[in-house]
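These notes are about the structure you will find just below.
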Amino acid sequence: MAAFPFTIAATDGKSRTGVLATPRGEIRTPAFMPVGTAGTVKALTVEQVDATGADIILGNTYHLMLRPTAERVARLGGLHRFMRWERPLLTDSGGFQVMSLSRISKVTEDAVTFQSHIDGSRHVLSPERSVEIQADLLGSDIVMQLDELVALPASQDRTADAMRRSARWGERSKRAFGTRDAQALFGIQQGGTCDVLRKESAERLIETGFDGYAIGGLAVGEGHQGMVEVLDFAPAMLPPERPRYLMGVGKPIDIVEAVARGVDMFDCVLPTRSGRHGQAWTWEGSVNLKNARFADDDSPLDETSFCAASRDYSKAYLHHLVKSEEILGQVLLSWHNLAFFQQLMSALRQAIAEGRIDEFRREFAGRQVQRIG
């Protein structure tokens, strides 16, 4: 029996909508998880994040273990209490940093050894230690196994080696995690763009047995078309009765295409990172508020939105804030972007329930092309 019940309410083709029930609240799927890397969704309070409609936030093991340290968070009552977020939390295992900080890390079969990017101190992260930090010290609701991520393009041999090490680390993560009623453990499928390796990875994960399954190793250099081609086969290799989580993917068009192929959960820094750099995401594509053409535009980003940042502030004012490098501009655009992403997920859930996901995909893609770029 999986830790959290997952109920699929409706399907349309490969897409599905449902609910993942956790002790801290329900997660409506398809779901987008705002990224709170270091215990904060950048530029926003938890009240603002909650107001966007987010059911769950993601935190990062690597960053939290370095600062303020997982042990300190535990002494202060766990990550939920520390950051004042009472809804579900998922924590990344640190596997992404194995790749992104490869110049200061070393991977062996036993563990990853790395230097802190903050002060140069030496740390060791094993599958067992990753589970301990996430489940026991941070108190995460959803814990991710430690995996080895490979940037693309990569050789078949390199991709296969990393996939098989990830599978072995998944087994070790499962043994360390054991059986828990109030927390769930997700395994991570790897294998790059190769269907044979993805299939082997899925089979090994299923044999180990996890509460949910993630699709890792995408959005790391393969491009949109390469990602879509992998998603044509990878989700279907994973158990249909459990949630499927596509890690680190956040462009709206990528999310829509992934949902159409059976993915249930997403996370990405894109909404808040874009907001901090003057970019807003809308139903018509991305909008660069640095552009001089918005200096006299008195219209809001979305007059129909429930979000005050989207509805109540003019593009001219947002342009002024961005050009003046005022902090409020970063706050408002980050808030708007997260609200838009949650509105997108709500619209996708409704389209699936009404049996019109293909129509939604066509209309969304057509509108996005008008402005992106």
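A few notes on this one:
- Based on DSSP H segments of at least four residues, each scored -39500 (n - 2.57), the chain has a per-residue ellipticity at 222 nm of -11500 deg cm²/dmol.
- Mean-square fluctuations from a GNM of the chain, with a 10 angstrom spring cutoff on Cα atoms, peak among 108, 282, 11 at 108.
- Fewest-first ranking of 213, 313, using other Cβ atoms within 10 Å as the exposure measure: 313, 213
- Beta bridges assigned by DSSP with both partners in region 6-268 are antiparallel in approximately 45 percent of cases.
- Computed extension length for residue 50-residue 358: 107.9 nm, one decimal, from 0.36 nm per residue of separation with the Cα-Cα distance subtracted.
- Gained length - residue 194 relative to residue 168, 0.36 nm times residue gap less alpha-carbon distance: 7.5 nm
- Proximal lysine pairs, the chain, alpha carbons under 29 Å, eight or more residues apart or interchain: 17
- Summed side-chain charge close to residue 229 - residues other than residue 229 whose Cβ falls under 10 Å, Lys, Arg +1, Asp, Glu -1: -3
- Look at the alpha carbon pairs under 8 Å that are at least 6 residues apart: their mean separation over the length of the chain gives a relative contact order of 18 percent.
- Only one of (i) 185; (ii) 132; (iii) 148 was calculated from the structure for volume of the Cα convex hull per residue in Å³, and its label is (ii).
- Near residue 87, once Lys and Arg are set to +1 and Asp and Glu to -1 for all other residues with Cβ below 9 Å from its Cβ, the sum equals -3.
- Once the Cβ-Cβ distance of residue 290 and residue 38 is raised to the sixth power relative to R0 = 30 Å, the FRET efficiency obtained is 0.65.
- Additional length obtainable on full extension of the chain from residue 115 to residue 367, 0.36 nm per residue less Cα span: 86.2 nm
- Ordered by the number of other Cβ atoms lying within 10 Å of each residue's own Cβ, fewest first, 93, 299, 274 fall into the sequence 299, 274, 93.
- Residue exposure proxy: 47, 326, 222, ordered by other Cβ atoms within 10 angstrom of their Cβ from fewest to most, comes out as 47, 326, 222.
- If the Kirkwood radius is taken over C-alpha pairs of region 65-135, then at 20 °C and 1.002 mPa s the Stokes-Einstein diffusion coefficient equals 162 µm²/s.
- Each eigenvalue of the Cα gyration tensor of region 275-369, multiplied by 5 and square-rooted, gives one semi-axis; in descending order these are 27, 13, 10 Å.
- Directionally averaged projected area (region 215-373, Cα convex hull): 9.8 nm².
- Around residue 30: net Lys/Arg minus Asp/Glu count, Cβ-Cβ under 14 Å: 0
Taken together, the values in this text are just the output of simple stated rules run on the coordinates, not laboratory data. Keep in mind that what you see is a predicted model, and the values were worked out from it rather than measured. For neighbour counting, all protein chains shown are included, and Cβ atoms are generated from backbone atoms with ideal geometry for every residue, glycine included.
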